[in-house]
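Working notes, structure below.
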Amino acid sequence: QVQLVESGGGWVQPGGSLRLSCAASGNIFSIDAMGWYRQGPGNQRDVVARIFKSGTIKYADSAKDRFTISRDNAKNTVYLQMNSTKPEDTAVYYCGANVWERSGTRYRSADYWGQGSQVTVSS
């Protein structure tokens with residue numbers, strides 16, 4: 001019912017910048033939280049940043065002062081601006097969203113994930 005499509009991944013040199021985008025579409029009544037997560041060689045999927053509909057933002061320590069998360073509610077899109085990148089940022093990045101859907105008089109909440117985007121930071 002809901003799809004998240006990511007774009008913007010790729011290769012960048014250390015210190016360079018990259019901007020990830022994730023657009024949600026489908027049966028969307030409301031999107032509460034949207035976020036970015038990454039999974040590196042250690043096979044752990046860790047949160048990078050989250051942004052709530054209210055505007056509240058939470059960053060992982062590794063992302064503070066380097067990454068900026070934002071969202072465009074009119075477009076159901078979340079962005080991650082990555083600056084001052086480091087090799088340890090190399091990972092597959094997934095966007096996620098907590099989405100409220102409506103079917104008649106019924107509502108349900110579910111988490112959805114993007115397909116994943118490879119980000120490689122190397123010289």
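Things worth noting here:
- Surface exposure of region 11-123, expressed per residue as accessible area with a 1.4 Å probe, stands at 54 Å².
- Of the residues Tyr107, Tyr93, the one with the largest accessible area comes first in the ranking Tyr107, Tyr93, computed with a 1.4 Å probe on protein heavy atoms.
- Residues with amide H under 5 Å from that of Thr85, placed H, sequence gap 5 or more: Gly15, Gly16
- What the phi angles of region 26-31 give under the Karplus curve with 6.51, -1.76 and 1.60, with θ = phi - 60°, is a coupling list of x, 7, 10, 8, 7, 10 Hz, glycine and proline written as x.
- Long-range amide H partners of Thr90 with built H, under 5 Å: Val121
- Heavy-atom accessible surface of the chain: percent carbon and sulfur, 1.4 Å: 46 percent
- Straight Cα distances below 17 angstrom link Lys86 to the aspartates and glutamates Asp46, Asp61, Asp65, with same-chain residues fewer than 8 positions distant left out.
- The chain shape via C-alpha gyration tensor axes, a/c threshold 1.5: prolate
The values are calculated or read from the model by the stated rules, or taken from the named source; none is laboratory data. Please read these numbers as outputs of a predicted model, since none were measured by experiment. What goes into the accessible areas is simple: the full protein's heavy atoms, side chains included, and nothing from ligands, DNA or RNA. Shrake-Rupley method; radii C 1.70, N 1.55, O 1.52, S 1.80 Å.
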